[in-house]
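Engineer: Once you've had a glance at the structure underneath, I'll fire off some questions.
The values are calculated or read from the model by the stated rules, or taken from the named source; none is laboratory data. It should be emphasised that the depicted structure is a prediction, and the values quoted were computed from it without experimental measurement. With ideal geometry, Cβ positions are generated from the backbone for all residues, glycine too; neighbour counts draw on all protein chains shown.
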2 protein chains.
Amino acid sequence: MTLRYTPVVTGLPATVPFVGPEAQERLRGRLFRARIGANESVFGPSPRAIAAMAEAAQDCWMYGDPDNYDLKAALAKHHSVKPENIAVGEGIDSLFGYTVRMFVQPGGADTVVTSAGAYPTFNFHVAGFGGRLVTVPYVNDQEDPQSLLDAAREVRPKLIYFANPDNPMGSWWSADALQWLIKGVPSETLLVLDEAYSEFAPKGSVPPLDVSNAQVLRYRTFSKAYGMAGARVAYVIGEAGVIRNFDKIRNHFSVSRIAQAGALAALADQTYLADVVDRVATARERIGAIGRANGLTPLPSATNFVTLDCGRDGDYAKRVLDGLIVRDVFVRMPGVAPLNRCIRVSAGRDIDLALFADALPLALSAAALTT
Amino acid sequence: MTLRYTPVVTGLPATVPFVGPEAQERLRGRLFRARIGANESVFGPSPRAIAAMAEAAQDCWMYGDPDNYDLKAALAKHHSVKPENIAVGEGIDSLFGYTVRMFVQPGGADTVVTSAGAYPTFNFHVAGFGGRLVTVPYVNDQEDPQSLLDAAREVRPKLIYFANPDNPMGSWWSADALQWLIKGVPSETLLVLDEAYSEFAPKGSVPPLDVSNAQVLRYRTFSKAYGMAGARVAYVIGEAGVIRNFDKIRNHFSVSRIAQAGALAALADQTYLADVVDRVATARERIGAIGRANGLTPLPSATNFVTLDCGRDGDYAKRVLDGLIVRDVFVRMPGVAPLNRCIRVSAGRDIDLALFADALPLALSAAALTT
């Protein structure tokens, strides 16, 4: 008996780098006391969204509307585009997967350019569909438009990935820099512009939407500022002809009816969103202050997390991270050097950050001892 | 500017055959009064599942556990298998998509065998990943094991699709017939055994699970008997080595935290499930009686719907269907001749079936007039 998997699937690693905090809790035999590692919004969704989801739970014997009609209409209005410029998906990861699948097939000819250390799930999909990944380094802890365009001119990729603001570094570019990047994209290449953190970004750093440009797709999510990571709903904005391709391959019924209701209510509550953005800004200040008080350097952040430079190598930062984990504080760190000299701390409530403030000096002492 | 889509995606149709009832309501400008067309469970999920989902809505700022650990543990116990024999997905459609992707890549060499008129979403994925679909006819309104195995011996497919009980006809086979099919599957072929309706099936029609056999995957869902179609959670049971491949390609965070909580609670309430199965049996009797009273022939059903033979061709059945739709009764029909001489009516509450009983004679009169 030999089942005939595709060569791509046969070649994929059996393990993937997505360890959830629950898995760590099971390993530790103990719950985390502060969950500030996955850039989730501990401030939660709008109470109106919670109420809408609780209400929708009763109706979940019905499939959600496969057209996501009401949500697309509301998003179109919110962004001053048309519903045909929007595709809704079961989380931003699935939208990345669909995008890669549109352009990448096995054989080695389909190339994708990204930055070494940028969002790994995007790379997971490139590998998963048999694409060839070309990476350029971060420059000054930022994804670098010039480097990406240089690589693109060389390898003529089908896709370029760029996040603004960036995860895991928290860095961002001005709208002008983004426009320069967009203009420089080779004519047969699509720019995958990940804007998962855009609601936190300073004014002037997110370029205006231009749905006449078929070379850019803009990805947004309800998982971060809207606080609905566990509901699974995100969307992508772009030129109608490009967007139409999602309908060719997406799982049409995959957005839950509960998530649709929650997203509609969350979108309608922009007051709550603004409040979250304020609270996140306060939390960023606090994380930076805690870091500085312990000799770490907070990097500027336009997101709901702060990346703290531990000032040494990846091994040291990993020891600091482990020292926080063992003290019940869930945080994460970048996976690639030199970014991995840092740890990454998500915005938390006062109680979460107090736990972090208590644990950090102990973690640093322990990390220094084991050198 | 020419974006370079893959040849497969370029060749896919821009329209897909998944019109939701909401789209029909928007076209009609009027809501349906009875929603008995998509084999949803109008009886709803267990009240305990609703409560668990409402509760989880508050926690949905957290991603769901990407390992689906608790749910897999509960399912493993329920089915007397191990957690490593189970993969959980965001609906059965996504699990079919992942399965097809494991085995099918473009080039024309990767063949899949199914029955003409069987579940179209499975075929959507085969086309979507560039596979070649070979179909055999239904025999006596049943998917036919002999025909499928004959075709399989000829084309050596990577996958065979089989549903037991069957949608859209409601028919089923004995466990012995299934065992015969399983034994006959060519040694390099995987049997995709869709058991979405298995909770409704008569005793002795679902073969025992055998997770030592790597040639069969068994697909189950919370969308039908458990009444959670809009929550998006399903699972597949099989040999651990085969199951492991889902981890290579699935969207690890795609099952919502709300769905995880709901599924756990629903699974724990087998008393409610048994009650639903009873109510569905009663509804099937009633649908059959309404059909017979109007000169239609109900086909035997092991599912939560009854397929009614309208006794003429597909055009006629379509007119009957349209007559029901226009009278605010949402029903569907098989898409392929000769199955499309029938309409398909999902189990409903008394009120739903009373609306159907009122509308059917009018729909039949109108269909006869427009001959």
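Engineer: Where the second residue is among the acidic types (D, E) and not in a helix (DSSP H, G or I) and the first is within 11 Å of B:L71 (Cα to Cα) and lies in segment B:259-282, which pairs have Cβ atoms under 7 Å and are six or more apart or on separate chains?
Structural biologist: B:Q260/B:D65
Engineer: With respect to the numbered conditions (1) more than 14 Å from chain A (Cβ to nearest Cβ); (2) hydrophobic (A, V, I, L, M, F, W, C); (3) surrounded by fewer than 24 Cβ atoms within 10 Å (Cβ to Cβ), which one is the sole condition not fulfilled by B:L264?
Structural biologist: Unmet for B:L264, out of (1) more than 14 Å from chain A (Cβ to nearest Cβ); (2) hydrophobic (A, V, I, L, M, F, W, C); (3) surrounded by fewer than 24 Cβ atoms within 10 Å (Cβ to Cβ): (1).
Engineer: Now for a separate question. Here are the criteria: (1) free of Cβ contacts under 8 Å to residues at least 40 places away in the same chain; (2) out of contact with any Gly (no Cβ under 7 Å at 6 or more places or on another chain); (3) farther than 17 Å from A:R28 by Cβ. Tell me which single one A:L308 does not satisfy.
Structural biologist: The number of the failed condition is (2).
Engineer: Let me ask something else about it. Test A:T10 against the stated conditions and say whether it is more than 24 Å from the chain's Cα centre (by Cα), surrounded by fewer than 21 Cβ atoms within 10 Å (Cβ to Cβ) and either within 8 Å of chain B (Cβ to nearest Cβ) or in a loop (DSSP other than H, G, I, E, B) (or both). Full working, then the answer.
Structural biologist: Details: more than 24 Å from the chain's Cα centre (by Cα): yes; surrounded by fewer than 21 Cβ atoms within 10 Å (Cβ to Cβ): yes; either within 8 Å of chain B (Cβ to nearest Cβ) or in a loop (DSSP other than H, G, I, E, B) (or both): no.
No; evaluated as a whole, the condition is false for this residue.
Engineer: Quickly run through segment A:37-55 and pick out the residues that are more than 7 Å from chain B (Cβ to nearest Cβ) and either of a type in the set (S, T, N, Q) or in a loop (DSSP other than H, G, I, E, B) (or both).
Structural biologist: A:G37, A:N39, A:F43, A:S46 - these are the residues of segment A:37-55 that are more than 7 Å from chain B (Cβ to nearest Cβ) and either of a type in the set (S, T, N, Q) or in a loop (DSSP other than H, G, I, E, B) (or both).
Engineer: Checking B:A54 against (1) surrounded by fewer than 15 Cβ atoms within 10 Å (Cβ to Cβ); (2) among the aliphatic types (A, V, I, L, M); (3) more than 21 Å from the chain's Cα centre (by Cα), which single condition isn't satisfied?
Structural biologist: Looking at each condition in turn, B:A54 falls short on (1).
Engineer: In addition: Within segment A:281-295, identify whether any single residue is at pLDDT 95 or above, in contact with a Gly (Cβ under 6 Å, 6 or more places away or on another chain), polar (S, T, N, Q) and assigned by TED's automatic domain parsing to the domain that holds A:R28, and answer yes or no.
Structural biologist: Taking every residue of segment A:281-295 in turn, none turns out to be at pLDDT 95 or above, in contact with a Gly (Cβ under 6 Å, 6 or more places away or on another chain), polar (S, T, N, Q) and assigned by TED's automatic domain parsing to the domain that holds A:R28.
Engineer: Follow-up. Does A:G170 satisfy being within 12 Å of chain B (Cβ to nearest Cβ) and in a loop (DSSP other than H, G, I, E, B)?
Structural biologist: Criteria not met by A:G170.
Engineer: Pick from segment A:212-255 the residues that are touching a Leu at 6+ places or on another chain (Cβ under 8 Å), under 23 Å from B:W61 (Cα atoms) and not in a loop (DSSP other than H, G, I, E, B): which of them is nearest to the other protein chains (Cβ to nearest Cβ)?
Structural biologist: A:A234
Engineer: Working only within segment B:44-63, note down all residues that are hydrophobic (A, V, I, L, M, F, W, C) and in contact with a Ser or Thr (Cβ under 8 Å, 6 or more places away or on another chain). Step through it out loud before you land on a result.
Structural biologist: Step one: filter segment B:44-63 for residues hydrophobic (A, V, I, L, M, F, W, C), giving B:49-54, B:56-57, B:60-62.
Those that are hydrophobic (A, V, I, L, M, F, W, C) and in contact with a Ser or Thr (Cβ under 8 Å, 6 or more places away or on another chain): B:C60, B:W61.
Engineer: Same structure, new question: Sort out which residues of segment B:152-185 are buried (at least 20 other Cβ atoms within 10 Å of the Cβ), farther than 28 Å from B:A225 by Cα and of a type in the set (A, V, I, L, M), and write them in order of number.
Structural biologist: Answer for segment B:152-185, where residues must be buried (at least 20 other Cβ atoms within 10 Å of the Cβ), farther than 28 Å from B:A225 by Cα and of a type in the set (A, V, I, L, M): B:A152, B:V185.
Engineer: On to the next question. Can you go through A:A317, A:A274 and tell me which one is crowded, with 24+ Cβ neighbours inside 10 Å and either outside any helix (DSSP H, G or I) or under 23 Å from the mean Cα position of the chain (by Cα) (or both)?
Structural biologist: A:A317
Engineer: Let me ask another. Would you please name the residue that is nearest to the other protein chains (Cβ to nearest Cβ), looking only at residues in segment A:58-98 that are part of a helix (DSSP H, G or I), over 16 Å from A:S254 (Cα atoms) and in contact (Cβ under 8 Å) with a residue 24 or more places away in the chain?
Structural biologist: Among those that are part of a helix (DSSP H, G or I), over 16 Å from A:S254 (Cα atoms) and in contact (Cβ under 8 Å) with a residue 24 or more places away in the chain, it is A:E84.
Engineer: Failed condition for B:L209, given (1) facing chain A (nearest Cβ under 9 Å); (2) surrounded by fewer than 23 Cβ atoms within 10 Å (Cβ to Cβ), with all others met?
Structural biologist: The failed condition is (1).
Engineer: Is it true that some residue in segment B:296-309 is of a type in the set (D, E, K, R), within 14 Å of chain A (Cβ to nearest Cβ), more than 30 Å from A:F122 (Cβ to Cβ) and surrounded by fewer than 20 Cβ atoms within 10 Å (Cβ to Cβ)?
Structural biologist: no
Engineer: Return the residue satisfying two criteria in turn: it lies in segment A:99-113 and is touching a residue at least 24 places away in the same chain (Cβ under 8 Å) and in a loop (DSSP other than H, G, I, E, B), and of such residues it is nearest to the chain's Cα centre (by Cα).
Structural biologist: Among those residues, the one meeting the criterion is A:V104.
Engineer: Can we say A:V113 is surrounded by fewer than 24 Cβ atoms within 10 Å (Cβ to Cβ) and under 30 Å from A:P300 (Cα atoms)? Full working, then the answer.
Structural biologist: On the way: surrounded by fewer than 24 Cβ atoms within 10 Å (Cβ to Cβ): no; under 30 Å from A:P300 (Cα atoms): yes.
The answer is no for A:V113.
Engineer: If I filter segment B:13-28 down to residues being farther than 19 Å from B:G348 by Cβ and in contact (Cβ under 8 Å) with a residue 24 or more places away in the chain, which single residue comes out as nearest to the other protein chains (Cβ to nearest Cβ)?
Structural biologist: It comes out as B:F18.
Engineer: Kindly list the number of the only condition in (1) surrounded by fewer than 24 Cβ atoms within 10 Å (Cβ to Cβ); (2) touching a helix residue (DSSP H, G or I) at 6+ places or on another chain (Cβ under 7 Å); (3) within 9 Å of another protein chain (Cβ to nearest Cβ); (4) of a type outside the set (G, A, S) that fails for B:L31.
Structural biologist: That leaves (3) as the condition not met.
Engineer: Which one of these does B:S187 not meet: (1) within 30 Å of B:V345 (Cα to Cα); (2) in a loop (DSSP other than H, G, I, E, B)?
Structural biologist: (1)
Engineer: For A:R4, are the conditions met, namely being more than 30 Å from A:A87 (Cα to Cα), over 23 Å from the mean Cα position of the chain (by Cα), buried (at least 17 other Cβ atoms within 10 Å of the Cβ) and not aliphatic (A, V, I, L, M)?
Structural biologist: Yes; evaluated as a whole, the condition is true for this residue.
Engineer: Would you be able to say whether some residue in segment B:54-70 is under 25 Å from B:N304 (Cα atoms) and not charged (D, E, K, R)?
Structural biologist: Checking segment B:54-70: not a single residue is under 25 Å from B:N304 (Cα atoms) and not charged (D, E, K, R).
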